[in-house]
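Enquirer: Sharing a structure below in structure tokens format, with a few things to ask.
The values are calculated or read from the model by the stated rules, or taken from the named source; none is laboratory data. Keep in mind that what you see is a predicted model, and the values were worked out from it rather than measured. Positions of Cβ are backbone-derived with ideal geometry, glycine not excepted, and every protein chain shown enters the neighbour counts.
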Amino acid sequence: MQNTNLTNHLLIAMPGLRDPNFEHTVTYICEHNANGTMGIVINRPIDVSISEVLEQMEIPITAAEAIAKVPVFLGGPVEEQRSFVLHRGSRDWDSSLRISEALSVTTSRDILEAMARGEGPEQALIARGYAGWEGGQLEQEIKDNAWLSVPAEPAILFDLPPTKRWEVAAGLLGIDLNTLSTESGHP
């Protein structure tokens, strides 16, 4: 596990993980290195519309129909007042972190302004907050049987209903989470 880079992976909460911030979650890992890990929970939609987010930021909306289907998620317990846009596409915005050839996460206002005009990325999800781990913390949690990981599939991020993402992500590993025991096999 020490040499494994989990960037562009899905982190799947094991059934026994009872932390209310992460129980039954799937987290997309945006960055993983010796200093720590940053990810966005992709299966916890919140009762906030993108229009509300844009209004709070005083961004005028001229393409309400184009953005109506963009979901807003609770991305994690860190900086919940801040917006993160996980998106497909190669365009760079003022503050983008390129995760893979196809995916980036952007935190700058310009992407939200473009989305409000109907000129944003073709596929995106907005998260309020993010999930973060200090260097070595996530690796220890994986050793403690709290998480599974699998290379990310963009279809899980953007095409599946959020309620299906946890089970489908585990299915990429051939695992049915409903049949797993929450007890580990060692004392």
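Enquirer: Can you tell me which of ILE61, ILE67, ILE126 is over 18 Å from LEU160 (Cα atoms) and among the aliphatic types (A, V, I, L, M)?
Expert: Sole residue among the options that is over 18 Å from LEU160 (Cα atoms) and among the aliphatic types (A, V, I, L, M): ILE61.
Enquirer: I'm checking my understanding of the structure. Among residues of the stretch 35-49 that are part of a loop (DSSP other than H, G, I, E, B) and touching a residue at least 24 places away in the same chain (Cβ under 8 Å), which one is farthest from ILE67 (Cα to Cα)?
Expert: Out of the qualifying residues, it is ASN35.
Enquirer: While we're on this one: If a residue must be outside any loop (DSSP other than H, G, I, E, B) and of a type outside the set (S, T, N, Q), how many such residues does the stretch 15-34 contain?
Expert: 6
Enquirer: It is to be established whether one or more residues within the stretch 118-130 are aliphatic (A, V, I, L, M) and under 16 Å from LEU10 (Cα atoms).
Expert: yes
Enquirer: Among the residues of the stretch 107-116, is any surrounded by fewer than 19 Cβ atoms within 10 Å (Cβ to Cβ), outside any helix (DSSP H, G or I) and in contact with an Asp or Glu (Cβ under 8 Å, 6 or more places away or on another chain)?
Expert: yes
Enquirer: With the condition kept exactly as written, say whether any residue in the stretch 158-179 is assigned to a strand (DSSP E or B) and farther than 18 Å from ASP19 by Cβ.
Expert: no
Enquirer: Quick one: count up the residues across the stretch 117-146 that are among the charged types (D, E, K, R) and part of a loop (DSSP other than H, G, I, E, B).
Expert: Total meeting the criteria: 4.
Enquirer: Restricting the stretch 117-151 to residues that are in contact with a His (Cβ under 6 Å, 6 or more places away or on another chain) and modelled with pLDDT of 95 or more, which is surrounded by the fewest Cβ atoms within 10 Å (Cβ to Cβ)?
Expert: Within the stretch 117-151, the match that is surrounded by the fewest Cβ atoms within 10 Å (Cβ to Cβ) is PRO151.
Enquirer: Of the conditions (1) under 14 Å from the mean Cα position of the chain (by Cα); (2) on the phi > 0 side of the Ramachandran plot; (3) surrounded by fewer than 13 Cβ atoms within 10 Å (Cβ to Cβ), GLY174 fails just one. Which one is it?
Expert: Going through the list (1) under 14 Å from the mean Cα position of the chain (by Cα); (2) on the phi > 0 side of the Ramachandran plot; (3) surrounded by fewer than 13 Cβ atoms within 10 Å (Cβ to Cβ), GLY174 breaks only (1).
Enquirer: If you don't mind, another one. Select from the stretch 121-171 the residues that are of a type outside the set (Gly, Ala, Ser) and on the phi > 0 side of the Ramachandran plot and list them in ascending order.
Expert: ASN145
Enquirer: Here are some conditions: (1) touching a strand residue (DSSP E or B) at 6+ places or on another chain (Cβ under 6 Å); (2) outside any loop (DSSP other than H, G, I, E, B). GLY76 meets all but one. Which one does it not meet?
Expert: (2)
Enquirer: Among residues belonging to the stretch 46-101 that are surrounded by 14 or more Cβ atoms within 10 Å (Cβ to Cβ) and of a type in the set (Ser, Thr, Tyr), point out the one that is farthest from the chain's Cα centre (by Cα).
Expert: Ranking the candidates gives SER51 first.
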